[in-house]
Amino acid sequence: MKLIVSILFFYVNTALAFEPHTANYQLSINGVKIAEEVRTLHQLGDQYFYTANAKTSGLAALIKDYTISASSTFLINKEGVGSINYQILEQEGR
């Protein structure tokens, strides 16, 4: 019985773990590209760091230079997800 519980615990913990990654997105309206966004997740020890950075691009950048950056630091334990810090920064150039 202990072996079954240990195996199940291993698989549940593995399923709950996030994998570090980077994702690139293009944001568009009616097929016209207006912004690019990069999202990253990495882990250092028991803490996770998630960032999302978007910036206007293409014709939209000529009209309005705008960036938005968000970052979150959190941990995951047997009690769930615990927020450590969240920050968002918006900048407008034109």
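Overview of values
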read-out	value
Which listed residue, of LEU16, LEU27, LEU59, is more than 29 Å from GLU92 (Cβ to Cβ) and at pLDDT below 95	LEU16
Answer residue from region 66-88, given it is touching a Ser or Thr at 6+ places or on another chain (Cβ under 6 Å) and under 19 Å from ASN24 (Cα atoms) and is surrounded by the most Cβ atoms within 10 Å (Cβ to Cβ) among those	TYR66
Scan of region 40-57 for residues that are surrounded by 16 or more Cβ atoms within 10 Å (Cβ to Cβ) and closer than 11 Å to LEU75 by Cβ, ordered by number	TYR48, PHE49
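The values are calculated or read from the model by the stated rules, or taken from the named source; none is laboratory data. As the structure is a computational prediction, the values presented were derived from the model and not from experiment. Neighbour counts run over all protein chains shown; Cβ positions are idealised from the backbone, glycine included.
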